[in-house]
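Written out below as C-alpha cells is the structure these notes cover.
Derivation of every value follows stated rules applied to the coordinates shown; laboratory data play no part. Please read these numbers as outputs of a predicted model, since none were measured by experiment. Using ideal geometry, Cβ is built from the backbone for each residue, glycine included, and neighbour counts are taken over all protein chains shown.
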Amino acid sequence: MNEELIQRFFSGACTPEEARQVADYLKEHPEIVEKYVSEEEYIHYTAEGDLPEKVSSQWLRHIHKEAVRENNGSRWLRRIAVAAVFCGIISGAAYLFMRPQSSPLTAVEGKTTVEKNDQERKENTSAQDMTLVLPDGSRVRLMPGSVVVYAKNFTGNRNIYLEGEADFDVVKDKLHAFMVHCDEVSTKVFGTSFHVKAVKGDNMFSVRLFTGKIMITAEVQQRRTIDNIILSPGQELIYNRRGMTASIKNFNLSSAKIMESLVRAGNEHKGTIKPDWYKFSSQPMTSVLAQLSDYYGVGIYYYPADVQHLSFEGKFEKTDSLEKILTDITLPNNLQFVRNNEGYIIKKK
C-alpha cells in the first residue's frame, strides 16, 4: 500500500474510491494505524479491545460538524478515519471526507454567505407546489418539502440556496447573474427557465433546461468536479454526488413538464369577435398575447422572463393569420414561436 495514499486518507484528501481501498487495507493491518494517529486518538477506539460494532450516522455527523469548529480539523478527520477502519463504516466515512464541511443552507445560516439578519427563508411544508415571486420578479415553483434561502436584497445579490426540488423562471439581468447553489453544485444563469432536483440524502442531483442557457460547476474541497458545463434547451445534467461524475442526456421538450413552467395568455375566450382591423400602441407584450389568444381562440403560452418589459406597436387586419402576426411580433424582439398540441409557445431564440 502506498504510504502517500494512506497519509492522504487520514487527512481527508483522497477520493471515496481511494478511501475505501485504504480503509479495507488498514482494517486487515490495524497495527499500521498507530503510525498515523496520536496515542490518545488510537486508545479512544481500541481501549480494552471493546470496539463498537458500528458508528451511527448521527455520531458521524456530529464529528463532521466539530471539524468546522476546531482550529485543527485534521484531528477530527483522523478520528473519522479510525472509526471507518475499526467500525465497518468505510463507505459512509469515505463519502463524508469528500463532502463540503457545511451545506449551503448551513453556510447561509452561519453567515458565511449572507448575514443572518438579511436572509429570507421559504419552506414548502404543504403537499402542493408553492409559487414564489422573488424581489427581482423571477418565479420559483417550490415542490413539497423543499427549502430556499436568499438575501433580502436579492436584486443585487441573486444567489439562492436550494434543498429539495424547484422550477425556476428567471428574469434576465446582464449585470447580476442568477445563481442556484445546492451543496457543491452551482448553476449560473442570466435569464432562463429550468428545473433543479437536489433532494436531501439523495445521491443524484439533476438540472433540466427548458429555455436559454445555463452553466453548471461543482467544487469539493477546492477541487472542481464539474468544470463549467453549459446546457442547451432540452438537455439534462445528472450529477453523482458520491462518485463526483456528471452525464448529460436529452429529454422531450414537448412533454407536459415544460407546459407547467409556461403561462397561458388570455382568458380562454375562444373566438372573441375581432374588429376589421386592430392596433397595438406600445402595449405590454403580455397584453398583446392575451388579446391575440382570445381573438383567435388558440392557446398562446410564454415564459414570463422572456417577455417581461417587452412592448409592441403595430397594426393588423382581420384577415391576417395568427402565424403572420406572431412572426411580426417575435422577430424584432429576439423571440420565436413553435406550435404544439396545446397551441403556440413563445420563447427566446
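Residues whose amide H falls under 5 Å from that of Leu310, counting only those 5 or more places apart or on a different chain, are Met285, with hydrogens built in the peptide plane. Footprinting exposure proxy ranking of Ile273, Ile346, Ile226, Ile32, fewest other C-beta atoms within 10 angstrom first, gives Ile273, Ile32, Ile226, Ile346. Taken as Cα centroids, the stretch 131-155 and the stretch 288-332 sit 29 Å apart, rounded to the nearest whole angstrom. Here's the picture: charge each Lys and Arg Cβ at +1 and each Asp and Glu Cβ at -1 in the stretch 104-259, and of Ser146, Gly234, Ser186 the one pushed furthest to the positive end of that dipole is Gly234. For the stretch 280-328, applying the loop criterion from DSSP together with a ceiling of 12 other beta carbons within 10 Å to the trypsin sites (Lys or Arg not before Pro) yields Lys318.
Of the cross-linked pairs Lys122/Lys249; Lys116/Lys347; Lys249/Lys349; Lys152/Lys213, those separated by over 29 Å at the C-alpha level are Lys122/Lys249; Lys116/Lys347. Distances between placed amide hydrogens fall under 5 Å for Val199 paired with Gly164, all partners being 5 or more residues away or on another chain.
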